[in-house]
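To start, the structure itself, in structure tokens.
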Amino acid sequence: LHNHGSWRPKPLLDTARFTLSFNSWHRKNHQDSQALWKHESVQKYLETLSKEYQQISHLLSADSLNGFEQRALRRRCADLSPIAAAFQEIKEAEREVQELEAMCTELDSRDEKQLLELALEEKESLDKKMNVLCRKLFQLLVPKEKYDRSPVILEVTAGRTTGGDICQQFTKEMFEMYQNYADYKRWTFDIVNYMPAEIGGLHHAAAHISGENVYRHLKYEGGTHRVQRIPETGMSSRMQRIHTGTMSVIVLPQPEEVDVKVDPKDLRIDTFRARGAGGQHVNKTDSAVRIVHLPTGLAVECQQERSQQMNKEIALRTLRAKLYQQIIEKQISQEQSARKLQLGTRAQSERIRTYNFTQDRVTDHRISYDARNIKEILSGKEALDKLINRLLEFAEIEAVTQYLENLQALEGGG
């Protein structure tokens with residue numbers, strides 16, 4: 001028995017001690033699942049797991065084990081079964097691709113253009129299938145983050161610029177983008193706080209987003225987003241002068257009530273009159289609530305609802321999320337020092353993405369990925385989903401790479 005109930009036959013330990021040659025250059029060039037799949041070390045590791053699965057299946061069928069051994073082996077078999085099945089499925093698809101490539105070479109030499117076009121279309125379809133299968137396999141290998149299924153608190157805040165009001169306008173566009181994305185993913189988007197700017201932009205806003213795998217999709221959106229554009233009004237617009245501004249996004253996984261216990265004695269609760277847009281109740285009742293957590297100095301407020309009690313409940317929920325985030329950041333920091341995560345530090349001050357309106361280009365700096373058509377991305381639909389999934393795929397590849405390196409170090413005694 002090995003690693004809390006998982007089991008590995010002793011002969012396989014030796015064959016698993018392969019040598020990894022990943023370095024920073026390899027990381028930059030292994031940015032899709034198929035490229036990582038073709039790496040020799042990955043192949044050897046997957047062959048090892050496949051052999052282990054076959055060996056365990058044989059032992060279980062022999063029925064010569066005691067109850068404790070059977071339970072341990074069944075657990076390990078259940079873990080390995082989907083990996084072994086995906087591995088064999090990819091191998092089969094790879095053989096089909098090789099056969100098609102050979103057919104294409106033969107058809108090209110015979111100048112069979114129509115048949116060649118059909119074969120090439122089939123190969124393109126198989127290539128897409130291969131990439132989907134490889135991603136599925138690596139998702140099985142990557143340890144799941146326990147927060148991935150959690151709802152989130154998403155906050156946006158306008159930064160500063162040398163002139164104009166592009167930060168507030170951009171912050172509003174970004175908040176609407178995430179609202180549209182939530183609708184696209186069929187999530188629930190509840191606005192917690194909304195502080196509009198005088199000129200039609202947005203100073204700060206927060207929303208509670210719930211649904212399927214919300215944190216998994218939004219966890220890499222946290223950070224500083226930069227905008228480069230020519231203001232629509234003023235001297236700069238006439239001179240075609242480009243202004244640069246920033247806004248920040250914070251994504252906090254939303255804890256369950258049991259995750260963070262807050263002592264009422266540690267809270268200072270203030271009420272005040274709501275500000276900004278909000279209907280007839282604004283500036284007429286003390287419905288807005290601010291809660292300060294005295295031990296940490298954390299402060300949250302909510303003014304969206306007409307009821308003071310409802311605003312208090314929402315503010316408490318947000319406070320728990322922020323306290324929970326401190327715990328998470330400590331854990332992530334520990335993991336980073338051990339695993340050397342490559343997808344940024346997740347620090348909220350880190351510039352992660354640039355939206356260049358004059359060049360109609362969005363650049364994600366963490367994965368050197370460019371996407372055209374800013375309007376499509378800001379619409380919060382398919383284009384944004386594609387960018388987010390590209391980030392997730394890159395993170396999965398990095399996690400698999402690091403996982404294999406750590407495994408080699410452990411099994412090699414390093």
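The values are calculated or read from the model by the stated rules, or taken from the named source; none is laboratory data. All values derive from a computational prediction rather than experimental measurement. FYI the Cβ positions are ideal-geometry reconstructions off the backbone, even for glycines, and counts take in every protein chain you see. Side chains are part of the model used for accessible areas, which takes the heavy atoms of the whole protein and leaves out ligands, DNA and RNA. Shrake-Rupley method; radii C 1.70, N 1.55, O 1.52, S 1.80 Å.
Brief remarks on what is shown
- FRET efficiency estimate (nearest 0.05) - Cβ-Cβ, TYR403 to GLN54, R0 22 angstrom: 0.50
- Largest accessible area first, the residues ARG273, ARG361 order themselves as ARG273, ARG361 under a 1.4 Å probe with ligands, DNA and RNA left out.
- Taking a sphere under 12 Å around the Cβ of LEU202 and counting the other residues whose Cβ falls inside, with K and R at +1 and D and E at -1, yields a net charge of -4.
- At an R0 of 25 angstrom, the distance between the Cβ atoms of LYS146 and GLU40 translates into a FRET efficiency of 0.15.
- Charge tally for THR296 (other residues, Cβ to Cβ under 9 Å; Lys, Arg +1; Asp, Glu -1): 0.
- Exposure of GLU212 as accessible area (Å², to 10), given a probe of 1.4 Å and all protein chains: 140
- Fully extending the segment from LEU298 to ASP360 would add 18.5 nm, taking 0.36 nm per residue of separation and subtracting the current Cα-Cα distance.
- ARG229, ARG241, ranked by accessible area, largest first (probe 1.4 Å): ARG241, ARG229
- ARG149, ARG135, ranked by accessible area, largest first (probe 1.4 Å): ARG149, ARG135
- Around ASN213: net Lys/Arg minus Asp/Glu count, Cβ-Cβ under 13 Å: +3
- FRET E, pair ASN373, ARG351, Förster distance 22 Å, beta-carbon r, rounded to 0.05: 0.55
- Here the label points at GLU101 and VAL262, each 7 Å from Cα along the C-beta direction, are separated by 5.8 nm in the simple model.
- Tensor-based shape of segment 48-197 (alpha-carbon gyration tensor, a/c under 1.5 rounded, otherwise prolate or oblate): oblate
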